[in-house]
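Presented below is the structure to which this report refers.
The numbers here are math on the coordinates, done by the rules we state, and not lab data. Because the structure is a prediction, the values reported are computed rather than measured. Don't worry about glycine lacking a Cβ; one is built from the backbone with ideal geometry, like all the others, and counts go over all protein chains shown.
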Amino acid sequence: MLPRVLLVEDDDVIREIYAMKFELEGFPTAVAENGQVALEMVSQFQPQVVLLDMMMPVMGGLEFMERLDKTDKKNTPDIIIFSNISAAAQMQSVMKLGATDYWVKSDYTPERVADEVAKLWKHRQVDGLAQESPADA
């Protein structure tokens, strides 16, 4: 089973291309054009993975991460930053706020992104099963 993906991207073309790829691969997918819309969608769509741009109008990725309620650790989505900004200081800031990973857009194709999200989710499922299984006696 593939995760529900929320794609947060202000560029219409990029948003449409990646949303189409995720949908073709079988990912339940929702899109938001900025962080404010994404915050509203999190409770409705309950994404398991958020692919998040950093520089957007209204509310950028950093503010989205600061405002996202992370009190329910079990239901907090994995957040993958997907940005053209490759500044080390920004990478460190978002990782401290709980980002799972930081991907620079120019290094990825839609196919690679879908593959990497699927791999991440598979590892999460294996890790979750390992944590939930009773200890060997």
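Residue by residue through segment 9-22, note down the ones that are closer than 16 Å to residue 57 by Cβ and either surrounded by 13 or more Cβ atoms within 10 Å (Cβ to Cβ) or touching a strand residue (DSSP E or B) at 6+ places or on another chain (Cβ under 7 Å) (or both). Scanning segment 9-22 gives 9, 10, 11, 14, 15. Criterion applied to 25, 33 was being surrounded by fewer than 20 Cβ atoms within 10 Å (Cβ to Cβ), more than 18 Å from residue 109 (Cβ to Cβ) and among the acidic types (Asp, Glu), and the one residue passing it is 33.
Just the residues that are among the β-branched types (Val, Ile, Thr) and either crowded, with 20+ Cβ neighbours inside 10 Å or closer than 24 Å to residue 109 by Cα (or both), please, taken from segment 43-80.
Within segment 43-80, the first condition is being among the β-branched types (Val, Ile, Thr), and the residues that meet it are 49-50, 58, 71, 76, 79-80.
Hits for segment 43-80 are 49, 50, 79, 80.
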